[in-house]
Every structure is written in C-alpha cells, then in structure tokens.
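Enquirer: Quick one: this structure, given as structure tokens, is what I'll be asking you about.
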2 protein chains.
Amino acid sequence: MSFKVPEGDNRERHVCDGCGVIHYINPRIIAGTLPTYEGKVLLCRRAIEPRKGYWTLPAGFMENGETSAEAAARETIEEAEARVNIHGLYTVFNLPHISQVYLFYRADVIDGQYGVGVESLESQLFDEQDIPWNELAFPTIHRTLQHYFEDRKTDQFPVRTEDLRPPYRKP
Amino acid sequence: MSFKVPEGDNRERHVCDGCGVIHYINPRIIAGTLPTYEGKVLLCRRAIEPRKGYWTLPAGFMENGETSAEAAARETIEEAEARVNIHGLYTVFNLPHISQVYLFYRADVIDGQYGVGVESLESQLFDEQDIPWNELAFPTIHRTLQHYFEDRKTDQFPVRTEDLRPPYRKP
C-alpha cells in the first residue's frame, strides 16, 4: 500500500501497489435515538470504553444497507433491548476532529419495555430532574438532552444542527 | 484478508490475516448545496459518469476532517466555482441500496459569481419555470428542488428527510 494522490484526485489516499484499488476513508455516521416513555428518557450506562460507566443515549455506527433511522432503531434494541417507534430526525452533529457525524432520532419506547444490552451495565428511564448531567458519556448526548428539554416547553422539535469541537464547555 | 465475524461483533468484516486489523466499510455521506441567487437556482451539467450530461446540484463525498457544511461549500467551489454562504441543512436522504446518505444545505451564491468546475460541462442559474426536470441527474436532486419550490411558497424550510429506493417514480 502507498499513500499518494491518485490521478484526477486532489488528496492523498491509500492505494494498493498490487491492484491499484483506492481505499477511501470517509467520515462515519453514528445513528441513535432519544427514546422516551411517559415523559421519561431512556439512558444506558456504558459497559465498554470509551467512557465506560457513563450514561448515554443508544447509538452506534450505521452499517451498509440500512437507513439511518433503521440503524438508530437497531442500536436501541442492541444497547437497551427496547423496541421503538421512530418519530423524526432531531439532532445532527459534526465532529470534524474525529470525522464523525451523529444523527439522533426522537422515538417512543413501545410499551415502555427495555432491558440491558451486552454493551450496557444498566438502563433506566429518567425524569428531567433526575438526568445524571455530570455523568453523561459524550457532548452529543448532553446537547441532545438539553435541546429536548428546552424544545419540550413549546412541543416543537425542529432539527437541530451543530458542530462540536474540543474543548467542550460545560453549559 | 478474510471475510469473517470478528470477536464481539455480529457481522462479517474484512479482516487482515496478517495483523488482525478490521476494515470496516460504512455508509458514505454526500454533501451538497442548493445554491441560489436572486431567486434562481444554480445547477451544473455533469462532465463525468454516472449520469454524464445531466444536471445536478453541486455535491460530493464528504472528506475526513471537515464538517458536512464545509464539504458542501467545498464541492460547490469545485463543481460550480461558486463561493456560497451556507444557510441551514435542508434535505437528508437515505439510499440504503447503495449505502449513501445525502445532506443538502440551502446556500446563497456570493455576488452571483460562478463558473465551470473540472467535473462539469456547464453551469447555469435557472428560474423555476426553466428547471430541466427531465434532465436531472439523480432522484436526490429532483426531490430537493421539488421541496424547495414548494417550501418557497410559505418561506418555511424545515429539514426534509426521506428514504429513496429504486424503482423511483416520476412525480
């Protein structure tokens, strides 16, 4: 493998010296949900690094062949053992320093049923006043929850887009 | 390279037999703009396949290290030689059959200046009645333009999300 600018391109890429195939490396999409039931928000405590032991919304890498909403629903089953009805896209975050784009969807937990997936230590429905703000795993989680509780006052949930770069400031 | 399920995973991946590195292949993001100037929309006619000779909005693969809005603005310079002020995210399309996610931003063409990038045959500002609807390159372009002219009636441009799968129906 060489690292060079292919013909007709303007960036260095990993190119196979044997067959000439160009291995493009592009930003990854993380899809997740903001799962709610009777006004409470479902959070999971991470069993794996990074940020093991901290609370998160269910989310993970989108896979080939699925839509972002399907990816978000799948991750919610995997991490919180909760089936959801997806409402709409809610937050879109760019994290250019790590080449990630987050897409969170608002969702209802069907029948309020949930469990603990293999990548989680526990799952719990939280009222707004009980959200563990100082033990959230990532800025994307923090911002999605902040937007949600603010937007809930007016019951209007437009798509919120933000770029998140370090250093992150506490609100 | 082997194609197998890595430990702790649930999908087959390309894994290097030598060093064990897992080569994940994930959906790609295509970022673009809907560039307007004095009520007209800037389209480019494609100089490359696929859909050579058909009209498109400036868009292309998002690169590592940039935000989706930066990618959209960069592609607009590359394909239409137009600098833009980005307004907001406008359309989000999932194309799961080809594992792509499109993000289009509304944008103003600064000073109405544009040209013809190396991947374009020509560029042109179109009034609504002159849009070449039957010569558009992709369904994502068609739908973004349809939403735009519809939403312009009320001057409200909420984010529009859609899954697009073949066969595409003409509107």
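Enquirer: Return the sequence-ordered ³J(HN,Hα) values of the range A:106-120 in whole Hz as given by the Karplus equation 6.51 cos²θ - 1.76 cosθ + 1.60 applied to θ = phi - 60°, using x for Gly and Pro.
Expert: 6, 8, 9, 7, 5, 6, x, 8, 8, x, 10, x, 5, 8, 10
Enquirer: Now for a separate question. Take B:Asp9, project a point 7 Å from its Cα along the Cβ direction, then tell me which residues of the range A:38-75 have their backbone nitrogen under 14 Å from it.
Expert: A:61-64, by backbone N distance to the label point.
Enquirer: Could you work out how much longer the chain between B:His97 and B:Phe149 gets when fully extended? Use 0.36 nm per residue separation minus the Cα distance between them, nm to one decimal.
Expert: My answer for the length gained is 16.0 nm.
Enquirer: Long-range amide H contacts for B:Val159: which residues qualify at under 5 Å (H placed 1.01 Å from N, peptide plane, sequence gap of 5 or more or a different chain)?
Expert: Amide H neighbours of B:Val159, under 5 Å, 5+ apart: A:Val159.
Enquirer: When each copy gets a label point 7 Å from Cα toward the beta-carbon at A:Lys4, what are the spacings between them in nm, shortest first?
Expert: Between copies, matching label points for A:Lys4 lie 3.3 nm apart.
Enquirer: For peptide B:60-70, compute the average count of partner chain beta-carbon atoms within 10 Å of each residue's beta-carbon.
Expert: Per residue, the number of nearby Cβ atoms from other chains is 6 on average.
Enquirer: Give a quick list of trypsin sites (Lys or Arg not before Pro) in the range B:7-97 that DSSP marks as loop, anything other than H, G, I, E or B, with at most 12 other Cβ atoms within 10 Å.
Expert: Counting only loop positions with at most 12 other Cβ atoms within 10 Å, the trypsin sites (Lys or Arg not before Pro) in the range B:7-97 are B:Arg11, B:Lys52.
Enquirer: Could you work out the local net charge near A:Asp9, counting Lys and Arg as +1, Asp and Glu as -1, over the other residues with Cβ closer than 15 Å to its Cβ?
Expert: In short, -3.
Enquirer: Distance between the C-alpha centers of the range B:118-171 and the range B:53-101? Whole Å please.
Expert: Cα centroid of the range B:118-171 versus Cα centroid of the range B:53-101: 14 Å apart.
Enquirer: Given H placed 1.01 Å from N in the peptide plane, which residues other than close sequence neighbours of A:Gly117 have an amide H under 5 Å from its amide H?
Expert: A:Ala80, A:Glu81
Enquirer: Quote the relative contact order of chain B in percent (integer), defining contacts as alpha-carbon pairs under 8 Å separated by 6+ residues.
Expert: Result for chain B is 23 percent.
Enquirer: Mind checking the angle between helix A:68-80 and chain A's longest principal axis? C-alpha axes, 0 to 90 degrees, to the nearest 10.
Expert: The angle comes out at about 60 degrees.
Enquirer: Another one. Loop-only chymotrypsin sites (Phe, Trp or Tyr not before Pro) in the range A:120-171, please: DSSP not H, G, I, E or B, and at most 13 other Cβ atoms within 10 Å.
Expert: Taking the range A:120-171 and a limit of 13 other Cβ atoms within 10 Å, the loop chymotrypsin sites (Phe, Trp or Tyr not before Pro) found are A:Tyr168.
Enquirer: In a shell of Cβ-Cβ distance under 10 Å around A:Ala137, excluding A:Ala137 itself, what net charge do Lys and Arg (+1) and Asp and Glu (-1) give?
Expert: +3
Enquirer: Between A:Val118, A:Val92, A:Val21, which gets the highest mean-square fluctuation from a Gaussian network model of chain A, Cα cutoff 10 Å?
Expert: In this elastic network of chain A, the residue with the biggest mean-square fluctuation among A:Val118, A:Val92, A:Val21 is A:Val21.
Enquirer: First measure r as the distance between the Cβ atoms of A:Tyr168 and B:Gln156, then evaluate 1/(1 + (r/R0)^6) with R0 = 25 Å and state the FRET efficiency to the nearest 0.05.
Expert: 0.20
Enquirer: Would you mind working out the magnitude of the charge dipole of the range A:27-163 relative to its Cα centre, with +1 at each Lys and Arg C-beta and -1 at each Asp and Glu C-beta, to the nearest 20 Debye?
Expert: 280
Enquirer: Identify, for chain B, the residue whose C-beta comes nearest the rotation axis onto chain A, and round that distance to whole Å.
Expert: Closest to the rotation axis on chain B: B:Val159, 2.
Enquirer: Can you compute the helix-only [θ] at 222 nm over chain A? Use -39500 (n - 2.57) per DSSP H run of at least 4 residues, normalise by all residues, nearest 500 deg cm²/dmol.
Expert: After summing the helix terms and dividing by the residues of chain A, the value is -5000 deg cm²/dmol.
Enquirer: Take B:Ile48 and B:Gln124, extend 7 Å from each Cα along the Cα→Cβ direction, and tell me the distance between the two endpoints in nm.
Expert: Those two pseudo-labels are separated by 2.3 nm.
Enquirer: Under the Karplus relation 6.51 cos²θ - 1.76 cosθ + 1.60, θ = phi - 60°, what is the ordered set of whole-Hz ³J(HN,Hα) values for the range B:150-165, x standing for Gly and Pro?
Expert: So the Karplus estimates, Gly and Pro as x, are 5, 5, 5, 4, 10, 6, 10, 10, x, 5, 10, 10, 8, 9, 10, 10 Hz.
Enquirer: For A:Tyr90, which sequence-distant residues (separation of 5 or more, or a different chain) have an amide H within less than 5 Å of its own amide H, given hydrogens modelled in the peptide plane?
Expert: Placed amide hydrogens put A:Phe104, A:Tyr105, A:Arg106 under 5 Å from A:Tyr90.
Enquirer: Output, in nm with one decimal and in ascending order, the distances from the B:Val21 label point to the matching label points of the other copies (7 Å from Cα along Cα-to-Cβ).
Expert: When each copy's label point is compared with this one, the spacings are 1.4 nm.
Enquirer: Same structure again: Report for the range A:27-163 the percent antiparallel among DSSP-assigned beta bridges with both residues inside it, nearest 5.
Expert: Counting only bridges with both partners in the range A:27-163, antiparallel ones make up about 60 percent.
Enquirer: I need to check one value: relative contact order of the range A:44-115, counting alpha carbon pairs closer than 8 Å and at least 6 residues apart, in percent.
Expert: Result for the range A:44-115 is 24 percent.
Enquirer: Kirkwood hydrodynamic radius (Cα pairs, Å) of the protein assembly as shown?
Expert: 21.6
Enquirer: Test of the criteria: in the range A:97-168, which trypsin sites (Lys or Arg not before Pro) are in a DSSP loop and have at most 14 other Cβ atoms within 10 angstrom of their Cβ?
Expert: Sites meeting the loop and neighbour criteria: A:Lys153.
Enquirer: Turning to a different aspect of this structure: Quick check of the Kirkwood formula: for chain B, what is the inverse mean of 1/r over all pairs of different Cα atoms, in Å?
Expert: 17.3
Every read-out reported here was derived from the displayed coordinates using simple, explicitly stated rules and does not represent laboratory data. Everything quoted here is computed from the prediction, not taken from an experiment. All Cβ positions, glycine included, derive from the backbone under ideal geometry; neighbour counts span all protein chains shown.
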